[in-house]
Amino acid sequence: MSLAPRERVLVALDTDRRDEALGLVATLRGRVGGFKIGLELFSACGPEIVRAVRSVGHEVFVDLKLHDIPHTVAGAAAALGRIGAGLLTVHASGGPAMIEAAVEGATRGAAEAGHPRPIVLAVTLLTSLAERDLASVGLTGPCAAVVERLARLAQDAGAGGVVCSPLEVADVRRGFAGGVIVVPGIRPTGSTADDQARVATPRAAVAAGADRLVIGRPITRAANPAAAADAIVAEIDASA
């Protein structure tokens, strides 16, 4: 995927306040590639917030990590396609039938509303999980092996790409050459990991093969979000 450095950055609007989210969008407009709307903001503001962010011309990544029976996921994905989600997520652990249903639903919903087909991304393993956590959730590790298995499953089921941590990007890229790889857990050089267990710098993630980087607090909680975003884009540009 050929992208300009700024297009690689998806800013996570992790707030439950509409005014705060749209204020960040206004501040960062044109500096980044798009914005991620997750459970917190979507639960507080509903589909209208997707339309509001999309209306300023930016791509919207709706990260709800759908995980339910195929029929229900198909309906939810169709609804997200209708409101203009550019990317949306499902849990890869929901299985092939569920992923296929998400792709069908998202495609159908977008077509009904005249929007481009969304990219359905399968979330492999949350970046907050470490090796020691796998057994407690019934997974046989190590993390890299779990991610590779789920990425293969997602590819076979027709997903457009996957979400994985920066540490697994290179292996996923080799096995899913044409997929879009979206990577959270990005922390600029010198910043803290917060509650993420598997992290990397923007430069390292792009060098490993990541297409899009989801970055929240290092930008949104910075004293100057615009300057923080510009610095991250410059770091990505330097790695090109």
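The values are calculated or read from the model by the stated rules, or taken from the named source; none is laboratory data. Treat the numbers as computed from the prediction; the structure is a model and nothing was measured. Backbone-built Cβ (ideal geometry, glycine too); neighbour counts: all protein chains shown.
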Out of all the residues in the range 16-38, which are closer than 29 Å to residue 203 by Cβ and either surrounded by 19 or more Cβ atoms within 10 Å (Cβ to Cβ) or of a type in the set (A, V, I, L, M, F, W, C) (or both)? 21, 24, 25, 26, 28, 32, 33, 34, 35, 36, 37, 38
Where a residue in the range 123-139 is within 27 Å of residue 180 (Cα to Cα) and touching a residue at least 24 places away in the same chain (Cβ under 8 Å) and its partner, wherever it lies, is exposed (fewer than 11 other Cβ atoms within 10 Å of the Cβ) and acidic (Asp, Glu), with Cβ under 7 Å and at least six apart: 128/195
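Quick grid of which residues meet (1) outside any helix (DSSP H, G or I); (2) more than 30 Å from residue 203 (Cβ to Cβ):
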{"residue": "72", "(1), (2)": "no, yes"}
{"residue": "77", "(1), (2)": "no, yes"}
{"residue": "81", "(1), (2)": "no, yes"}
{"residue": "88", "(1), (2)": "yes, no"}
{"residue": "104", "(1), (2)": "no, yes"}
{"residue": "147", "(1), (2)": "no, no"}
{"residue": "151", "(1), (2)": "no, no"}
{"residue": "168", "(1), (2)": "no, no"}
Unmet criterion (only one of (1) over 14 Å from residue 66 (Cβ atoms); (2) under 15 Å from the mean Cα position of the chain (by Cα); (3) in contact (Cβ under 8 Å) with a residue 40 or more places away in the chain) for residue 159: (1)
Scanning the range 109-144 residue by residue, those assigned to a helix (DSSP H, G or I) and either acidic (Asp, Glu) or surrounded by 15 or more Cβ atoms within 10 Å (Cβ to Cβ) (or both) turn out to be 109, 110, 112, 131, 133, 143, 144
Among the residues listed as 57, 38, 23, the single one being modelled with pLDDT of 95 or more and either over 15 Å from the mean Cα position of the chain (by Cα) or farther than 27 Å from residue 139 by Cβ (or both): 23
So which residues in the range 116-161 are within 13 Å of residue 99 (Cβ to Cβ) and among the acidic types (Asp, Glu), if there are any at all? 156
Output for the range 218-240, where each listed residue is within 15 Å of residue 27 (Cβ to Cβ) and part of a helix (DSSP H, G or I): 218, 219, 220, 225, 226, 227, 228, 229, 230, 231, 232, 233
Give the residues of the range 26-56 that are in contact with a Phe, Trp or Tyr (Cβ under 6 Å, 6 or more places away or on another chain) and assigned to a helix (DSSP H, G or I), sorted by residue number. 53
